[in-house]
């Protein structure tokens, strides 16, 4: 039961995407073998890669929610970055195979059969991948705390994707390629059928593979930084600072460090309090501030120390810092 409860905490976007792409991969492979279309085979491989990746990432995002232990006192947040990197390796392999397949078709072009079957399945792929992409966009908006609804979620998702959790970013970028790839495959299937230029099927296949390589490099770079340990976005740091300075007895922040692990954050800092307080009062204020910061659902732990005020304002909230855009 503990394992099931843990899975329920997994990233919603990656879970939905894994289920959708598993179904798509099956029907695409059937269509590819029946028709002999290289572009269809490329999108089938892509859907297989997506289903594998997103299944791994879903499991990793659930595991990352495990409570800290004595051996791992800061929790398991970075586990999700490791799972995403494994997914990136799968993407890179699939991209390589897709490019090779495209090059083979260009060198030895052949007419594909079952045009209407190809078109029907590619149209279904565009609908399913498009639905998953919309779900991912909504998750980006939710996780970045941007205010957007309706058609506004599309530009808001692109503007704020850097603030989303690693699994959501993976699904977002992968399904952009998946949706565009299915559309590109549909166009190349039609173009090769109408014009008789069957090598166009191979060109479309290679383009899909190249797009996969680009996504693999981008996501791999971001998650390598996450494994090393990276500072939270400026927006998050300012949000934490604002929570701390809301307390009437806090006069300044001497030092603040917010570390991002997966979709969660660890806060460490030193604050300056009003003069004339007793040790007991200062201690009460410190724990009050910690409790206030921990009310933020994305913050897993807070460590705050108290230092004597130096009568110099060290921390100023920058109103010009980027905020989530809706």
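When residues in the range 282-316 are screened for being within 25 Å of the chain's Cα centre (by Cα) and surrounded by fewer than 18 Cβ atoms within 10 Å (Cβ to Cβ), 6 of them pass. Per the conditions (1) under 30 Å from residue 292 (Cα atoms); (2) surrounded by 18 or more Cβ atoms within 10 Å (Cβ to Cβ), the sole criterion not satisfied by residue 188 is (1). Checked against (1) in a helix (DSSP H, G or I); (2) more than 21 Å from residue 46 (Cα to Cα), residue 210 passes all but condition (2). Counting residues in the range 35-48 that are surrounded by fewer than 18 Cβ atoms within 10 Å (Cβ to Cβ) and over 19 Å from the mean Cα position of the chain (by Cα) gives one or more. Residue under question is residue 92, and the condition is that it be modelled with pLDDT of 80 or more, crowded, with 22+ Cβ neighbours inside 10 Å, under 30 Å from residue 228 (Cβ atoms) and under 20 Å from the mean Cα position of the chain (by Cα); does it hold? When the stated conditions are applied, residue 92 does not pass them.
The values are calculated or read from the model by the stated rules, or taken from the named source; none is laboratory data. Every value quoted in this text rests on a predicted model; they were computed, and no experiment measured them. Neighbour counts run over all protein chains shown; Cβ positions are idealised from the backbone, glycine included.
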